[in-house]
Amino acid sequence: MNSRSWRGTVLFTVILVVMGATVGLKLYGVGEQVAAAPAASTSTSTSTSTGTAGTGTAAGSGSSASSGTTTTATPTPTPSASSTATTKTVTGSAVDTRYGTVQVKVTFSGSTITAVDTIQAPNGNGRDIEIDQQALPMLEQEVLASQSANIDTVSGATYTSEGYIQSVQSAIDHR
């Protein structure tokens, strides 16, 4: 077998593993930034050491660390940000595009964007409606994921995307 024929397969597999790990970590909340807890809320850690402490390796690296150290963390309950944050809905400005007006309503819980609802979108013909049905949910998802209006346009719905982004940004600016 030619040694070059499998290189693409290996590269593809490595890319899939890395992307899969990244997506998987995001699904389980690993790597996300967490808002700082108030100073009064702290975690209590109890650490018991038996034997000599050694250097361990990261989980999943293929070897296990047996340093003889056991750590148990007991978190102190803290009020969640959503229970103390106020919900506010702001309507973004209506943006005229080549194919029609785009306007959104953004719901905030504190400083977190929790929902984006489209109030107006181009609907002059069947093609406009078809584009909106595909593009608007994608745009909403992107705004919720990025928590900003700094998102990519949807291919095939450039004008609608640009109007959507401008309307979201105006709602963020007026919150």
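The values are calculated or read from the model by the stated rules, or taken from the named source; none is laboratory data. Quantities reported herein were computed from a predicted structural model and do not represent experimental measurements. So basically every Cβ, Gly included, is an ideal-geometry build from the backbone, and we count neighbours across all protein chains shown.
Considering only residues in the range 86-101 that are assigned to a strand (DSSP E or B) and under 23 Å from Ala157 (Cα atoms), the one that is nearest to the chain's Cα centre (by Cα) turns out to be Thr91.
When residues in the range 150-173 are screened for being under 17 Å from Asp117 (Cβ atoms) and either under 13 Å from the mean Cα position of the chain (by Cα) or modelled with pLDDT under 95 (or both), 1 of them pass.
Here's the yes/no breakdown for (1) assigned to a strand (DSSP E or B); (2) free of Cβ contacts under 8 Å to residues at least 60 places away in the same chain; (3) crowded, with 17+ Cβ neighbours inside 10 Å; (4) hydroxyl-bearing (Ser, Thr, Tyr):
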| site | (1), (2), (3), (4) |
| --- | --- |
| Gln103 | yes, no, yes, no |
| Ile113 | yes, yes, yes, no |
| Arg127 | no, yes, no, no |
| Ile131 | no, yes, yes, no |
| Leu136 | no, yes, yes, no |
| Glu142 | no, yes, yes, no |
| Asn150 | no, yes, no, no |
| Val154 | no, yes, yes, no |
| Tyr164 | no, no, yes, yes |
